[in-house]
Amino acid sequence: MASAEPQDDIGASGLTRKILVGMGAGLALGLALNAFGLAEAGYASQLIVQGLLHVGGAIFLASLKLLVVPLVLVSLVCGTAALDDISRLGRLGGRTMLLYLFTTAVAITLAITAAILIQPGAGFDLPTDVQFQGRVAPSLADTLIQIFPTNPIHAMAEGNMLQIIVFAVLFGLAMTMAGEAGARMLRFFEDANAVIMRLVGLLMRIAPIGVFCLIAKVFAEQGFEAFQPLLKYFFVVLGVLLLHGLGVYPALLTVLGRLDPVMFFRKMRSPQVVAFSTASSGATLPVTLRTAERRLGVDNRVASFTIPLGATINMDGTAIMQGVATVFISQAYGIDIGPGGYLMVVLTATLASIGTAGVPGVGLIMLAMVLRQVGLPVEGIGLIIGIDRLLDMVRTAVNITGDAAVTCIVAKGEGQLDAEIYADPNAGN
Ligand code: ASP
């Protein structure tokens, strides 16, 4: 169990505060560089933006990604092998999937409703030179088949999260059935898990600098002119993201989990900032998992399964962008897709999130699939692509918040949430 492992005593105290300072400083520097035009060609850009900030950010990202595959594999093998009751796995999987799908459907419904009411695309002066070729999204059948690995080494080399999850669960199950051999292997995996978790804590020490570099670079390079005609779209997406993040999750935590949402949000600040700066739920996974176990008190048996699964398939923030974008594009092109069309959007966008990795910008690729499904022009994506990066950052923070909220609710229902750790504001920080 995670809480039984030694505490991080490697200088991680006050990490959240340091990460927040890194974010604030990065924002200030980025906006200043942008305002003075220093991110454009020239020595300042070469040295600061493409040099220091780029290198610092890239190293931080690499160190996060480096942890993902070993962490998920080892942690999930441990989690599955430690299940005292195999039937629990089915119940756990069922409840988690149900909640993930439910929150995504709520998210996209909110988004469509807000966009229909506010009409961000009405009277839009459609540019005629829009050129965007959406990538072809895989079919549902392929998505399902590809969940099952043919070669676990290949799956790990590719970082294919769903395949790694399937392999780890099978391996862990086999360990529980393999008697003394399984017990010996479990001891090895438990030791490996403790070491990798320690590594996560170690690498988190560079998070404040990494977050600073990533955020400063994005804001230095962001072309704010692109926002002018799309302000309404931007704010509708942002508004629904905030509503979902700060309204729906607290309500679910309170009603379904009987958990204090204020404490939850307090502890989620580090992963949220990392998600915001990396725009990748996948890269944020080590931080989300560590927060769920060490700070929110979720047992490894639940978190090791629900967090990697959520980082891969549960993307409420992405669904919100897709909902607003679909309505926006239909309004901008003057094509009414009707109530049936909107229902189709809810279904497709909810299903589309399955099997799509949590990496920057992937939401737009999935959007192409949704638009095709309801017969809207895929070129419409070209209208919003210029301002997608900032929204991507915010929606990724919402995505991982959803993973952690569902994880806490499921863990509470399973009796796998340590109430003392949850209630302790300083636990694991
Ligand atoms: N960047 C998002 C994530 O990793 C996905 C997306 O909406 O593009 O969660």
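The values are calculated or read from the model by the stated rules, or taken from the named source; none is laboratory data. These numbers were taken from a predicted model, which means no experiment stands behind them. Using ideal geometry, Cβ is built from the backbone for each residue, glycine included, and neighbour counts are taken over all protein chains shown.
Worth a mention:
- Boolean, Ile320 is within 10 Å of the ligand (Cβ to nearest atom), surrounded by 24 or more Cβ atoms within 10 Å (Cβ to Cβ), part of a helix (DSSP H, G or I) and of a type in the set (A, V, I, L, M, F, W, C): yes
- Filtering the range 323-336 to residues that are of a type in the set (Ser, Thr, Tyr) and more than 16 Å from the ligand (Cβ to nearest atom) leaves Ser330, Tyr333.
- Annotation: of all residues in the range 12-33 being outside any helix (DSSP H, G or I) and of a type outside the set (A, V, I, L, M, F, W, C), the one that is nearest to Ser270 (Cα to Cα) is Gly14.
- If the condition is being on the phi > 0 side of the Ramachandran plot and of a type in the set (S, T, N, Q), then the range 94-127 contributes only Gln119.
- Of the helices (runs of 4 or more DSSP H) contained entirely in the range 338-429, those carrying at least 2 residues that are surrounded by fewer than 24 Cβ atoms within 10 Å (Cβ to Cβ), within 13 Å of the chain's Cα centre (by Cα) and within 13 Å of the ligand (Cβ to nearest atom) fall at 388-413.
- Cβ-Cβ under 6 Å pairs, at least 6 apart or on other chains, the range 67-80 side in contact (Cβ under 8 Å) with a residue 24 or more places away in the chain and in a helix (DSSP H, G or I), far side hydroxyl-bearing (Ser, Thr, Tyr) and crowded, with 22+ Cβ neighbours inside 10 Å: Ser75/Ser304; Leu76/Ser304; Gly79/Ser304
- So Gly358, is it under 21 Å from Gln119 (Cβ atoms) and not basic (Lys, Arg): no
Conditions (1) farther than 28 Å from Asp85 by Cβ; (2) at pLDDT below 90, marked per residue:
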position: Gln133; (1), (2): yes, yes
position: Val136; (1), (2): yes, yes
position: Thr143; (1), (2): yes, yes
position: Ile153; (1), (2): yes, no
position: Ala157; (1), (2): yes, no
position: Asn160; (1), (2): yes, yes
position: Ala183; (1), (2): no, no
position: Arg187; (1), (2): no, no
position: Glu190; (1), (2): no, no
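- Checking each residue in the range 82-131 for being among the β-branched types (Val, Ile, Thr) and either in contact with a strand residue (DSSP E or B) (Cβ under 6 Å, 6 or more places away or on another chain) or at pLDDT 90 or above (or both) picks out Thr96, Thr103, Thr104, Val106, Ile108, Thr109, Ile112, Thr113, Ile116, Ile118.
- For Gly334, the conditions (1) under 14 Å from the mean Cα position of the chain (by Cα); (2) outside any helix (DSSP H, G or I) all hold with the exception of (1).
- Criterion: among the hydrophobic types (A, V, I, L, M, F, W, C), at pLDDT 95 or above and under 17 Å from Asp392 (Cβ atoms) - qualifying residue of Ala349, Ala275, Ala357: Ala275
- Number of residues in the range 233-276 that are under 30 Å from Leu61 (Cβ atoms) and of a type in the set (Val, Ile, Thr) equals 6.
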